[in-house]
Amino acid sequence: MPSFRILRQCALHCLIASLLLACGDSDGPLYPPLEVADPLVEGPVAGNPVLLGTLFSLDSIGYQQEEFFFSGSAHAYRPDNNFGSDGRWRVKRGESADYKSRMVVYRPIDPLAFNGTVLVEWMNVTAGADGPVAWTSAHTELVRRGYAWVGVSAQAAGIEGAELIFEDAVSPPLKELDPARYGSLEHPGDSFAYDIFSQALQAVRHPREIAPLEGLNVERVIVSGESQSAFFLTTYVNTLGRRSDLADAYFIHSRGGGAAPLSQAPQEDIPTPDVVRFRDDLGKPLINLQTETDLFLLGSVVEGDDVSGSVVARQEDSEYFRLWEVAGTAHADLYLAIDGRFDLGNNPSIAAVVEQAAPAPGFIECAEPVNDGPQHFVVKAAIAALERWLVEGVAPTSAPRLELNGNGDGFARDEDGNALGGVRTPYVDAPIATLSGEGQGGPEAGLCTLFGTTSCLSESRLMSLYPDPQSYVVAVRDAAEDAVAKGFLVDEDAQLMIDVAEAIASPPGQMLDPTPLACSL
């Protein structure tokens, strides 16, 4: 048995080692706790907020909406070490500026229906004004389980307007859409967006005089952002993510191989590396969901031809990290543009595959039918997986990566043109269409570049895959049950896929969705 003296020496050595790990030098800890100011919160603001998300009445699903303004002084940040691709970045405060922004809150009307988890979304500004991508994609799952959702106007473009990535962006900023309501808002630039977002989280998590979620006991916060927002949240995670209790988990949806600058015009330009991975010491659950488009096309479309998609930033799953690359998906799709705005979660025809070339008729009309794949269903499963990870401590399934071709510059595809590997669903394992994240052309195609393609399989091919209609139903059911078992679909959504397969296999005239654009046997 070791002596007390030896035990005391071991304890001293452990203490010294822990201090060495926590301290970079004599100036103090590597990652000191993040001090986040309490913003001044105003509201709820009378009237209806401007937000192009779902278009049905929230009352009809037992939810209510409110809008709050929040304001204060926000800091930009500067590097405090060399930014490498590993994402282990340290920052310190830079200059400050006054701001005033807004957040939109969707919550259960009945407080007893609230499950304790708030999804806080860094809203997307690619189309001009704020886009609630996570809410539009995942609202049926959020409502089924009783989440609250908060959409934050974090970036300048959504409030003030800015030079946009795509010339065919479809919406002006808030101050132009409703100057009477939003004329008092003020955004000093995206260098301050990280602190503005942190202050929004502070108002949600540790409210003062006015609580945006008054009456609800907030137990968990999941932060979400898609596309341009995902670029910013990648930088946020790597700089500020481990320095506060404001977020419990992250859902990063559709990023490229790099990350947003730490600072940019009109402040000093502080870029991040061309290839960026998530820091491996975050200590909080993070799921990164990627579509086919994101792996090769997203970087060049969003940031320039010399920037790669996310394939260059792939990293291994770990204790707190999962990467889900989803076969048959595109960065944007028909559900995000149209179907998701009306989906109440109980209509099997939503699971049908449709050939349609105009995701926003009159605004966005593409050369080929756009992707109508399973992305939103897997988004819902990812959020459910994060919730389970937080509540039960059960980590999600690790998914295989999408398979690449021999040159490593594209995907390995089956004889129907669907990608191999990755997260699998009935859309690719019991196919009636070729679903791709590619195929609309290069940057000259504008926003259509992000929408991928759908092409119904030929009658002869369907007959070779499914000798009789019932064999198709069996194939869909088997693929759906497998995806549910792996956590890539939730039960309710898998059942929608089975229901629409049974409708497709029914005698003519009995199909749930009779549109001639729907793929069928």
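Charges were assigned to the Cβ only: +1 to each Lys and Arg, -1 to each Asp and Glu. The resulting dipole of the stretch 323-456 about its Cα centre is roughly 400 debye. Taking amide hydrogens as placed 1.01 Å from N in the peptide plane, the amide H of Phe411 sits under 5 Å from those of Asn405, each at least 5 positions away in sequence or on another chain.
Per-residue 3J(HN,Hα) values for the stretch 277-292, derived from phi via the Karplus relation 6.51 cos²θ - 1.76 cosθ + 1.60 with θ = phi - 60°, read 10, 6, 4, 8, 10, 4, x, 9, x, 9, 10, 10, 9, 10, 8, 4 Hz in sequence order (x marks Gly and Pro).
Would you mind counting up the charge near Thr54? Only other residues with Cβ under 15 Å from its Cβ, with Lys and Arg at +1 and Asp and Glu at -1. Once positives and negatives cancel, what remains is -2. Projected onto their three principal axes, the Cα atoms of the stretch 329-485 cover extents of 46, 41, 38 Å, largest first.
Ellipsoid semi-axes for the stretch 172-298, based on the Cα gyration tensor and the rule √(5λ), read 25, 21, 15 Å when sorted largest first. Dipole magnitude for the chain: about 1840 debye, using +1 per Lys or Arg Cβ and -1 per Asp or Glu Cβ, origin at the Cα centre.
For Glu325, nonlocal amide neighbours, meaning residues 5 or more places apart or on other chains whose placed amide H falls under 5 Å from its own, are Gln290, Leu402, Val423. Contact order, relative form, for the stretch 392-440: 28 percent (alpha carbon pairs under 8 Å, 6 or more residues apart, mean separation divided by residue count). In degrees between 0 and 90, to the nearest 10, how far off the longest principal axis of the chain does helix 133-145 point, with axes built from Cα atoms? Helix 133-145 sits at roughly 90 degrees to that axis. Once each part is reduced to its C-alpha centroid, what is the distance from the stretch 221-276 to the stretch 371-388 in angstrom? The distance from the Cα centre of the stretch 221-276 to that of the stretch 371-388 comes to 21 Å. For the chain, relative contact order (Cα pairs under 8 Å, six or more residues apart, normalised by length) works out to 12 percent. For the chain, the solvent-accessible area with a 1.4 angstrom probe is 40 square angstrom per residue.
Relative contact order, percent, of the stretch 194-321 when contacts are C-alpha pairs under 8 Å separated by at least 6 residues?
Values: 205 pairs, mean separation 28.1, N = 128.
Taking the mean separation of contacting Cα pairs over the length of the stretch 194-321, I get 22 percent.
Length gained on full extension, Asp414 to Ser506, computed as 0.36 nm times the residue gap minus the Cα-Cα distance: 30.3 nm. Over the chain, dividing the summed -39,500 (n - 2.57) contributions of all DSSP H runs of at least 4 residues by the number of residues returns a 222 nm mean residue ellipticity of -8000 deg cm²/dmol. Across the options Pro266, Ser198, Ala180, the greatest Cα extent toward the positive end of the charge dipole of the stretch 166-278 (unit charges at beta carbon of Lys, Arg, Asp, Glu) belongs to Ser198. Each other residue within a Cβ distance under 12 Å of Leu404 adds +1 if Lys or Arg and -1 if Asp or Glu, for a net charge of -1. Since only Gly215, Ala412, Leu496 are under comparison, the one whose Cα sits farthest along the positive direction of the charge dipole of the chain, derived from C-beta charges on Lys, Arg, Asp and Glu, is Gly215. Taking the 1.4 Å solvent-accessible surface of the chain as the whole, the part contributed by carbon and sulfur is 51%. Computed from backbone phi, the HN-Hα couplings of the stretch 93-103 come to 5, x, 5, 10, 7, 6, 8, 8, 10, 9, 9 Hz, rounded to whole numbers (Karplus: 6.51 cos²θ - 1.76 cosθ + 1.60, θ = phi - 60°; Gly and Pro given as x). Label-to-label distance for Arg78 and Val391 is 4.6 nm, based on points extended 7 Å past Cα in the beta-carbon direction. Projected onto its three principal axes, the C-alpha set of the stretch 369-460 covers 44, 33, 30 Å, listed from the longest axis down. In this Cβ point-charge picture (+1 for Lys and Arg, -1 for Asp and Glu), the stretch 86-175 has a dipole of about 480 debye about its Cα centre. Computed from backbone phi, the HN-Hα couplings of the stretch 248-253 come to 9, 7, 10, 10, 9, 10 Hz, rounded to whole numbers (Karplus: 6.51 cos²θ - 1.76 cosθ + 1.60, θ = phi - 60°; Gly and Pro given as x). Over all other residues within a Cβ to Cβ distance under 11 Å of Val312, the charged ones net out to +1, with Lys and Arg as +1 and Asp and Glu as -1. Going through [x] 16, 52, 31, 2; [y] 16, 38, 34, 10, 2, 0, 0; [z] 22, 56, 19, 3, 0, the figure that equals P(r) over Cα pairs in 20 Å bins from 0, in percent as computed for the structure here is [z]. Annotation for Leu112 and Asn405: the two label points, set 7 Å from Cα along the Cα-Cβ direction, are 5.9 nm apart. Straight Cα distances below 22 angstrom link Lys380 to the lysines Lys284, Lys486, with same-chain residues fewer than 8 positions distant left out.
In the assembled protein chains, Thr54 presents an accessible area of approximately 20 Å² (probe radius 1.4 Å).
The values are calculated or read from the model by the stated rules, or taken from the named source; none is laboratory data. The shown structure was predicted, so the numbers you read here are calculated from the model rather than taken from an experiment. Note that we place each Cβ from the backbone using ideal geometry, even for glycine, and neighbour counts take in every protein chain shown. For accessibility, only protein heavy atoms count, side chains too; no ligands or nucleic acids. Shrake-Rupley method; radii C 1.70, N 1.55, O 1.52, S 1.80 Å.
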